[in-house]
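Since the structure comes first, as structure tokens, the remarks are kept for the end.
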Amino acid sequence: MTVPLGGIPLADHAAVYAALDDAGFTDVWSSEVAGADAFTPLALAAAWSPRLRLGTAITPVFTRGPGLLAMSAAALAEAAPGRFALGVGASSPVLVRDWNAIEFDEPFKRTRDVLRFLRAALRGETVDGAFDTFAVRRFALERPPSVPPPVLLAALRPGMLRLAAAEADGVILNWLAADDVPTALAEVGERRPGFDVAARIFVCPTEDTAYARALGRRMITGYLTVPAYAAFHRWLGRQDSLGPMWEAWAAGDRRGASAAVPDEVVDALVLHGSPEQCVAAVRRYAENGVDVPVIAVLPTPEITERGAAAWMDLLPRLGPGKAA
């Protein structure tokens, strides 16, 4: 499950983590956009729910210096030894440049360089030297974790997918349909033992189809017009289905862009229906090769109306159950 849950204060998440554990969830994964940072919700989970595995999906490689990113990861790995995974990725120009006043230059190289730095630093090595996109002088963690966390790489297209396969401990997929997973994993090739494939999967657990599709269209228009995601979906073969959206967006017609997103694309990328129908759709990702399907629950009329009580009723219906 993606945490924190919307509408519930972080201070009240002890009950959320307990409910997730009771429902059979194995992992909680954070994100980092403009809400909570990636590490704080997981630090709370480390203290409050010692059985849950923790992961970031993702921590951007631009918005923290390499040393600070290593320190944050090492601290969480020390707090939750053996059950924390660090997911990193390039993020986007909006988040990096527009919101954090940092240049978004050479994202592939920066991601590769930070990945290599982190792998060495989290093993307790002293890192001293120049990478293509930055230089580090004699950095060593004062508290290297006894169990170095695996480092997973967010990847969309072939170059980053192959980098993940060659140098990371796993890959994180995002904004793709269950049927797209084999296309992405073909670039990863044969997986090493312990190499995890995680995917964030957007779920809108409501039977109000009109509401779910309207929300899905807004999200797709906001995300898949970002150049990296647009290129990703062209690579996946959606030029014909999403081309009208991209053309309307480029012309400044935001409303027309949203209206141009076909229902079948919304239904493939934003799962909706009853919680049980959503769980069945999530399982298709696992059947197609995802080891860690990470549900990201979107707001629904039911959640908005009832708040925390709705969440507590919903989580058991979305969970895999203890037997799983």
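Could you work out what % of the accessible surface of segment 111-190 is carbon and sulfur, using a 1.4 angstrom probe and leaving DNA, RNA and ligands out of the count? Its accessible area is 44 percent carbon and sulfur atoms.
Using the alpha-carbon positions of the chain, Rg (one decimal) and Dmax (whole number) come out as 19.4, 57 Å. Rolling a 1.4 angstrom probe over segment 1-82 with all protein chains present gives an accessible area of which 61% lies on carbon and sulfur atoms. Over the chain, accessible surface divided per residue gives 43 Å², non-protein components excluded, 1.4 Å probe. Charge dipole (Cα centre; +1 on Lys/Arg Cβ, -1 on Asp/Glu Cβ; no other charges) of segment 78-144 amounts to roughly 260 debye. Alpha-carbon geometry of segment 25-183: the Rg and the Dmax are 15.2, 46 Å, given in that order. Between Trp235 and Val94, the modelled labels are 2.0 nm apart [label points 7 Å from Cα along Cα→Cβ]. Solvent-accessible area of segment 207-324 (1.4 angstrom probe, protein heavy atoms only): carbon and sulfur portion equals 53 percent. The chymotrypsin sites (Phe, Trp or Tyr not before Pro) of segment 71-131 that meet both conditions, a loop assignment by DSSP and at most 15 other Cβ atoms within 10 Å of the site Cβ, are Trp99.
Based on every Cα atom in segment 177-324, Rg and the maximum pairwise Cα distance Dmax equal 16.6, 52 Å. Look at where the Cα atoms of segment 265-324 and of segment 24-98 average out, and the two centres are 22 Å apart.
The values are calculated or read from the model by the stated rules, or taken from the named source; none is laboratory data. All figures in this text were calculated on a predicted structure; none of them were measured in a lab. Cβ sites come from the backbone with ideal geometry, for glycine too, and all protein chains shown count toward neighbours. The protein model used for the area step is the full one, side chains on, heavy atoms only, and it has no ligands, DNA or RNA in it. Shrake-Rupley method; radii C 1.70, N 1.55, O 1.52, S 1.80 Å.
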